[in-house]
Amino acid sequence: MDTLEQNPVHKDDYHPDFLEPSPIQEEYAPVIFAQDSVSHVVSIDVLSGKEDRENVLQARKSGKGVLTAPFRLLKTNRLGVILTFAVYKRDLPPNAAHNERIQATDGYLGGVFDIESLVEKLLQQLASKQTILVNVLDTTNQSYPISMYGSNASNDGLEHVSHLNFGDPFRKHEMRCRFKQKPPWPWLAITTSIGILVIALLVGHIFHATVNRIAKVEDDCHKMMELKKQAEAADVAKSQFLATVSHEIRTPMNGVLGMLDMLMDTDLDVTQLDYVRTAQASGKALVALINEVLDQAKIESGKLELEEVQFDLRAILDDVLSLFSGKSQDKGVELAVYISDRVPDMLIGDPGRFRQIITNLMGNSIK
């Protein structure tokens, strides 16, 4: 109730002599009790008014609270409603028929509510930095809602609509709330959103750079594989070339060595025989060099095999000494071979590989 309604009303303001009598009807619902602030309603028949009558009859028939449509209150001229409950003589079952409820009705209990005062007090309790604008509407008739509280000013901002229940299931009410000023910018949400966006962009950039790096590494790997194949092909070609050339050179050298062997069987003096032997040793060294080239080609192809035959170690060393005797004399180096008596005359192995190793060592030593 509004504070203005709490002030006592003088009886002279609503003297019964100046009021219209209730029409003749089958039943009446006189007010037998009222608070002091509305004592002027004493002896008024509630069933005499159309809205009050429908309210009372609906309350006793349904057994629930019933609200009237909004109407202007006396004196304050504000919108208000009346909530009416039926009072029964005995307890009734929930599924009692309408006639049973009408017969058991003993009276009515009602209250007048000032909608504007109720909403203003509620807003005072919810007061904050923002001013809240509230509209309370009776939406029983959706086509023509009745404004019970607040202005009908248009609103372009966010509006929250809540359904209200005053206890009457047959009437519908709703409350629409909005801020008078536009709500402030949610800086925390904006900052958080910007931070998330920046993080997402950074992650996307890192992911993009990683993908590009992986693609570049894959391209480099493919190029390296192609270069490796080309190098392997070139190496095979080189090995084939060395093998072919070595075979072509070794064939005439074998002929030269054969002719030297035949020349040694002729009548030669000591000097000529020494020259022939030296030429024969040089030819054999050249053949050994050619064999090394062939062995290198075999090593690269993984087909090198070692022989296991008997050979004279002392004869091979004598041949190597005779091969380098000229170079050693030119440099003033004396060559000598010492072989222990415990070394047998014949050994089993690869004489060509042994000769090759000793020849390389002596050649490097003389150089």
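The values are calculated or read from the model by the stated rules, or taken from the named source; none is laboratory data. Since we're looking at a predicted model, the values are computed, not measured. FYI the Cβ positions are ideal-geometry reconstructions off the backbone, even for glycines, and counts take in every protein chain you see. Ligands, DNA and RNA are excluded from the accessible area calculation, which covers all protein heavy atoms including side chains. Shrake-Rupley method; radii C 1.70, N 1.55, O 1.52, S 1.80 Å.
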Next on the checklist: With a 1.4 Å probe and all protein chains left in place, how much of the accessible area of region 306-366 comes from carbon and sulfur atoms, in whole percent?
Outcome noted: 53 percent
Checklist outcome for this item: residue 163 and residue 292 label points (each 7 Å along its Cα→Cβ direction) are spaced in nm at 10.6 nm
Item to check | Length gained when the stretch residue 103-residue 206 is fully extended (0.36 nm per residue, less Cα-Cα span) | outcome: 28.8 nm
Checklist outcome for this item: Counting all Cα-Cα pairs in region 277-367, those more than 21 Å apart amount in percent to 38 percent
Checklist entry - If we sort 189-200, 109-120, 257-268, 162-173 on the protection proxy, mean other Cβ atoms within 10 Å, highest first, what's the order? => result 109-120, 162-173, 257-268, 189-200
Checklist entry - For residue 168, which sequence-distant residues (separation of 5 or more, or a different chain) have an amide H within less than 5 Å of its own amide H, given hydrogens modelled in the peptide plane? => result 67
Checklist outcome for this item: Here the Cα Rg-to-2.2 N^0.38 Å ratio for region 231-288 is 1.61
Checklist entry - Which ³J(HN,Hα) values in Hz, rounded to whole numbers, follow from the phi angles of region 315-325 under the Karplus curve 6.51 cos²θ - 1.76 cosθ + 1.60, where θ = phi - 60° and Gly and Pro get x? => result 5, 5, 5, 5, 5, 5, 5, 5, 5, 9, 5
Item to check | Cβ-defined net charge surrounding residue 277, 12 Å radius [Lys, Arg +1; Asp, Glu -1] | outcome: -3
Checklist entry - Which far-off residues, 5 or more places away or on another chain, put their amide H under 5 Å from the one on residue 149, with H placed in the peptide plane? => result 136
Checklist entry - What's the extension gain from residue 321 to residue 278 if we count 0.36 nm per residue and subtract their Cα-Cα distance? => result 14.4 nm
Checklist entry - Which cross-chain or sequence-distant (5 or more) residues have an amide H under 5 Å from the amide H of residue 174, H modelled 1.01 Å from N in plane? => result 137, 139, 164
